[in-house]
Amino acid sequence: MCSDFLKAESGTELLARLEGRSSLKELEPNLFADEDSPVHGDILEFHGPEGRGKTEMLYHLTARCILPKSEGGLQIEVLFIDTDYHFDMLRLVTVLEHRLSRSSEEAIKLCLGRLFLAYCSSSMQLLLTLHSLEALFCGHPSLCLLIVDSLSAFYWTDRASGGESVALQESTLKKCSQLLERLVTQYRLLLVATTQSLMQKASDPAQGPSSSKLPGDGALDYRAYLCKAWQKAVKHRVIFSRDDQSESSRFLLVSHHLKSNSLKKHTFMIRESGVEFC
Amino acid sequence: MGLLRAGLCPGLTEEIVQLLKGRRIKTVADLAAANLEEVAQKCSLSYKALVALRRVLLAQFSAFPLNGADLYEELKTSTAILSTGIGSLDKLLDAGLYTGEVTEIAGGPGSGKTQVCLCVAANVAHSLQQNVLYVDSNGGMTASRLLQLLQARTQDEEKQAGALRRIQVAHAFDIFRMLDMLQDLRGAMAQQATASSGAVKVVIVDSVTAVVAPLLGGQQREGLALMMQLARELKILARDLGVAVVVTNHLTRDRDGRRFKPALGRSWSFVPSTRILLDVLEGAGTLGSSQRTVCLTKSPRQPTGLQEVIDIGTLGTEKQSPELPAEQT
């Protein structure tokens, strides 16, 4: 269906598409353990318990994208899919106000005009929404960032409604993961999805069969519980935690590039203006 | 959801449903993922008709992306901040309870959760003149205490009666009753005209632990699914109907048995956007002291760790912030 759109693309549209999609390199280098990232078609997973800065990081990335180039942004469009009514518009506006050199209602509205929001209330609705997005991606060549917050929101509901078969319980999320992978590759997007840390960390790292082990670092606080299709699709996993020891509230993120198995750590703080790396 | 049947959308006849079933396309998702050219060939149906059908069904069942600027305009006019009536608590909450959000009050037994809820109800009903729904699930709500709080605010019996009329109390001792109640409220509010004077502005659920805790534990997945359904109902109420939702939660011991944490586990911890912890003031002396500490442990706009002291014995009589109508951001 969309091949018709692509064939009819004009020269300016083509340039806009290529230009827009090449500027993701400056998005936030601190999030990537790999030198070459982010590339289009990359899939990032933000993982961690509540209150560890995942949502703030999403606002940081969103602000970075929708701010105009004159204010240090990338001037590209973002689609934010909210699955648990978590998105706080007023907080995003506060972050934007702090980052604009001259903040005015006009400027804010201009930035927000580059943001699209979709609210999904079930995994089936998420799947159907993803199917219907092709038109949006075709019509908005400067839409480069797709955020899903969070992918694990329907986990318990799906598990209870799938009967006894784990495959049936996971089937909708599996289809969502596969579709996300296809959309991201086809339309050259960057996907950032958050998954909540719903399971307790295995008390003995050696026992947990799915806790990931990394060279010289002990076990990261990550227990895989979502479907295998998603585990395979993720290229970078960023694990958020909090430095409880220090007086000032510092947050820690560990970025793990799965293919090359490389790690990178960063600390950041959350201020009124959003995320600030230390 | 989304099983294909005749009449689901214009153009979907029984004949088409049967033909699609023959190609193992039974749901809307199957149709969305199918290769329509192939299906049109094999079923001898019009390709154009199938594409149109798919478009209509997707439009019906998927979420439509909204523009951020439009959403912001809407939120600016519909969000309100409601003062709790307790000055130091308002400071922690950044002026008060925000509509569109779920705020959790966690604390051990006797920490004052119900007292704070009653004070909020009294303040919203009397000073802010807005309607309140108080859902009581553990029998801690007493009308006499509510009257006491109102009497401390005004001597005028007419005003006291007026405020009491604005507070609707409902009892729900199990989760199904609570879910029904919230769905009924949603239905009733959706039918009323916008900005009608009868609209509920605050919904207090005291406590959510009482109805959810019995469902958790063991290997049952249904319990967690029901809890998440309740969470969703509360959030939809807050977001779509512009209500400030307040829930109370108990505390349980940490895994290593040393510290206390809010009950209901990790999955619930993601639900409220703001959480305050009530605790008895350390070294407060004799039993029965009414001093409590309030600590902000989760907030979308304030740094966590802020702490204040309140006196639950004098909640009704302390120096109040002056009577304000509901503030608009």
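Roughly how many Å² is the accessible area per residue of the protein assembly as shown, as a whole number, for a 1.4 Å probe?
Values: 27240 Å² over 607 residues.
That works out to 45 Å² per residue.
In whole Å, what is the distance between the alpha-carbon centres of segment B:197-263 and segment B:6-38?
40 Å
Within the accessible area of segment A:39-152, what % is carbon and sulfur when the probe is 1.4 Å and the other protein chains stay in place?
Percent of accessible area from carbon and sulfur atoms in segment A:39-152: 49.
Whose amide H sits under 5 Å from the amide H of B:Thr27, counting only residues 5 or more places off or on another chain, with H placed in the peptide plane?
B:Leu4
Using just the helices of chain B, give the 222 nm mean residue ellipticity in deg cm²/dmol: DSSP H runs with n ≥ 4 each add -39,500 (n - 2.57), and the total is spread over all residues, rounded to 500.
That comes out to -12500 deg cm²/dmol.
Can you give the charge dipole size of chain B about its Cα centre, rounded to the nearest 20 debye, using +1 on the beta carbon of Lys and Arg and -1 on the beta carbon of Asp and Glu? Present the calculation step by step, with values, prior to reporting the outcome.
Details: 35 positive and 32 negative charges, 213 e Å.
Rounded to the nearest 20 debye, it is 1020 debye.
Determine the alpha carbon to alpha carbon distance for each of B:Lys91/B:Lys113; B:Lys76/B:Lys235; A:Lys69/B:Lys298 and list only those over 28 Å.
Among B:Lys91/B:Lys113; B:Lys76/B:Lys235; A:Lys69/B:Lys298, the Cα-Cα distance tops 28 Å for A:Lys69/B:Lys298.
Expressed as a whole percentage, what fraction of the accessible surface of chain B belongs to carbon and sulfur atoms when a 1.4 Å probe is rolled over the protein heavy atoms? All intermediate terms of the calculation are to be shown ahead of the outcome.
Details: 8180 of 15610 Å².
Carbon and sulfur atoms account for 52 percent of the accessible area of chain B.
If I model a spin label at A:Arg102 and B:Asn138 as a point 7 Å from the Cα along the Cα→Cβ vector, what separation in nanometres do I get?
So the label points at A:Arg102 and B:Asn138 sit 5.6 nm apart.
Would you calculate the separation in nanometres between label points at A:Ser161 and B:Leu71, each defined as 7 Å from the Cα along the Cα-to-beta-carbon direction?
Distance between label points: 2.2 nm.
Starting from the eigenvalues of the Cα gyration tensor, five times each then square-rooted, give me the equivalent ellipsoid semi-axes of the protein assembly as shown, largest first, whole Å.
Gyration-tensor ellipsoid for the protein assembly as shown: 42, 29, 25 Å.
Within 10 Å, Cβ to Cβ, of B:Thr293, how many net charges do the neighbouring residues add up to if Lys/Arg are +1 and Asp/Glu are -1?
-2
For the full complex of protein chains and a 1.4 angstrom probe, list B:Asp70, A:Asp82 by accessible area with the highest value first.
B:Asp70, A:Asp82
Checking an interface number: how much accessible area is buried between B and A, summed over both chains, with a 1.4 Å probe, in Å² rounded to 100?
By this definition, chains B and A bury close to 4400 Å².
The values are calculated or read from the model by the stated rules, or taken from the named source; none is laboratory data. What you are looking at is a predicted structure, and each value in this text was computed from that prediction instead of being measured. Neighbour counts are summed over all protein chains in view; Cβ atoms, including those assigned to glycine, are modelled from backbone coordinates with ideal geometry. Side chains included, ligands, DNA and RNA excluded: accessible areas come from the protein's heavy atoms. Shrake-Rupley method; radii C 1.70, N 1.55, O 1.52, S 1.80 Å.
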